[in-house]
Each structure stands twice: as structure tokens, then as C-alpha cells.
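The values are calculated or read from the model by the stated rules, or taken from the named source; none is laboratory data. Fair warning: this is a prediction, and the values are worked out from it, not measured in the lab. With ideal geometry, Cβ positions are generated from the backbone for all residues, glycine too; neighbour counts draw on all protein chains shown. Accessible surface areas use protein heavy atoms only, side chains included; no ligands, DNA or RNA. Shrake-Rupley method; radii C 1.70, N 1.55, O 1.52, S 1.80 Å.
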Amino acid sequence: MSNSTITRSALCEALKSLCAEKEYEKISISDITKACGLNRQSFYYHFQDKDELLSYIYFNELFKNITRGVNYDNWYERLEGFLENMQKERKFYSNTLKSNEKTFEKYLFDSMHRLFLRFFYHAVANTRKRSDKAKFFADFYSHGFCGIIIDWAAAGMTDSPHSVMLQMKELAYENVTIGKGFIENL
């Protein structure tokens, strides 16, 4: 492992550890470097500010591979694993989401959007090349899933990831029934 990777890892762990003790907004660069035994220059060599460090943690620990290998058969399990990873570091995610929700939400929305676009394009592949409505549908479902996940995190992640994903899975399958009902009643 390179020195740069080791330094970044130390800074990440320091911020995560500090977030268990105090609010994210009250954590300074000095607090972070002191917690891991580095100097401020080392911090600024790798990150512009603590928000960039936070973004780095979000991306590398949660979002980097969230949609890789996801398909119709495993989406439920993969997203449940995502929630389990968040729950393992509940204090960190709950703390940082209180003050910096937009960074997390952007990563989550972008990931969900890519996933839903892929699903919608796949669903209509046999009938049309591309659905002109796929983007709208992906927007709609992405906002809904993001809202549920962020609300779950903000509420302290007390429901199990399994129960949260079970509700989302039920919603996805119920949409088929609801859609058939709309078509029959048009």
C-alpha cells in the first residue's frame, strides 16, 4: 500500500472516530490531524477541506461499487448490504447526514438513477430500443428510494436493513399490480 493510501486511510479513520464523539460541524482539520498523528500540511496535500474528506469516505466506502453487478435478481440483496454497511457505522453516517446531507444525497441519487435507468431500459428492450419515459421513471424512483434511505438514516437506523429493503421490494412488486389496474381502468 502506498504512503498516500495509508495517509488517506488514517485521515478517514480519524474523521469517523471523531464523529462518534462530537458533531461534524464542530470537528476541525486540527482535530482530524491530531487524532491520527499527522500535520495539517499532510491533510491539505490530500484534501482541500473536511467536506472533501467526507465525500471521499462516502464514495470509497459506500458508493464506488454500489451498482456494479446489480441486476433484477440481486438488487434487493445488494441494496440491503449497502444499508448494513451504513448501519455498521451508524454514528458516523447519522452525524454527517445531519450537517452534510446534500453530498450523501447526490451520490445516492446518482447511483440509484443509474440503476433504475438500466432496469427501465432493460424492461423495454424487447418492445422498443429506448423508452423516452425511462429518465422520468428513473428520476421518480430514485427520489423515492433516496428519501426512504435518508429518512431511515436520519431516524437513527433503528429498523433493520432487511425490513427497509423488504418494504422497497414490496413496493417494486406492487407497482406491477398497480400498473395493471391503471391499464384495465383506462
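Remarks
- In the chain, a dipole from Cβ-located charges (positive for Lys and Arg, negative for Asp and Glu) runs towards its positive end, and of 99, 41, 158 it is 41 whose Cα lies farthest in that direction.
- Scattering profile of the chain at q = 0.08, 0.11, 0.13, 0.15 Å⁻¹ [log10 I(q)/I(0), Debye over alpha-carbon scatterers]: -0.33, -0.58, -0.75, -0.92
- Per residue solvent-accessible surface (Å²) - the chain, probe of 1.4 Å: 60 Å²
- Degrees between helix 134-154 axis and first principal axis of the chain (Cα, 0 to 90, nearest 10): 50 degrees
- The ratio of the alpha-carbon radius of gyration of the range 1-53 to the globular-protein estimate 2.2 N^0.38 Å is 1.03.
- Extending 7 Å from the Cα toward the beta-carbon at both residue 114 and residue 136 defines two label points whose distance is 2.6 nm.
- Rel. contact order, % - alpha carbon contacts under 8 angstrom, at least six apart, the chain: 21 percent
- Shape metrics for the range 40-114, restricted to C-alpha atoms - Rg then Dmax, Å: 13.8, 47
- Heavy-atom SASA rank of 78, 114 (probe 1.4 Å, accessible area, largest first): 114, 78
- Efficiency of FRET between residue 7 and residue 174 - r from beta-carbon atoms, R0 30 angstrom, step 0.05: 0.05
- Once the Cα-Cα distance is subtracted from the 0.36 nm per residue extended length, the residue 59 to residue 71 segment shows a gain of 2.2 nm.
- Against the criterion of solvent-accessible heavy-atom surface with a 1.4 angstrom probe, 59, 43 sort, most first, into 59, 43.
- Student exercise, the chain dipole from Lys, Arg, Asp, Glu Cβ charges, in Debye to nearest 20: 560 debye
- Mean sequence separation of contacting Cα pairs (under 8 Å, at least six apart), scaled by the length of the range 6-111, corresponds to a relative contact order of 34 percent.
- Estimated FRET transfer efficiency (residue 158, residue 44; beta-carbon r; R0 25 Å; 0.05): 0.05
- The heavy atoms of residue 90 present about 90 square angstrom of accessible area, all protein chains included, probe 1.4 Å.
- The helix-based estimate of mean residue ellipticity at 222 nm for the chain, built from -39,500 (n - 2.57) per DSSP H run of four or more residues and divided by its residue count, is -24000 deg cm²/dmol to the nearest 500.
- Ignoring lysines fewer than eight residues from residue 34 along the same chain, the ones with Cα atoms less than 17 angstrom from its Cα are 16, 22, 26, 50.
- With every protein chain in place, the chain: carbon and sulfur % of accessible area (1.4 Å): 53 percent
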